[in-house]
């Protein structure tokens, strides 16, 4: 059964909307709205990432992670695009890596253990 609820919005603070827009588009997010105060990107499943100007806690991990179907492919693609990706992290549930956006937000990218993507 498809879940009845999902994450609606998560938020990041950045120091430049212009730089953030370019960065998150390169990661594959879809820009749905923007104005002088914020950007709103859509992720798979309908979750929206709100990006606003504000104080960034340097070298801090954000309060969420991003999942991809092909973690090795994402790692290779981001590396080829010149993003500084971390070494692999492999725990009991996920294989993952980290990268930081230009504002210093450290984001974890995880493998997925979803069995049927049509249900999410």
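Laid out as a table, the results:
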| item | result |
| --- | --- |
| Separation of the residue 25 and residue 70 label points, Cα + 7 Å toward Cβ, nm | 2.3 |
| Kirkwood-type radius of the stretch 9-119, with distances r between different C-alpha atoms, in Å | 14.6 |
| Spin-label pair residue 5/residue 93, simplified geometry with 7 Å Cα→Cβ offset, distance in nm | 1.7 |
| Antiparallel bridges, percent of DSSP beta bridges restricted to the stretch 9-119 (to nearest 5) | 60 |
| Cα centroid of the stretch 1-54 to Cα centroid of the stretch 63-85, whole Å | 17 |
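No value in this document is a laboratory result; all are computed from the given coordinates. Since the model is a prediction, treat every value here as computed from it, not as a measurement. Note that each Cβ is placed from the backbone with ideal geometry, even for glycine, and that neighbours are counted across all protein chains shown.
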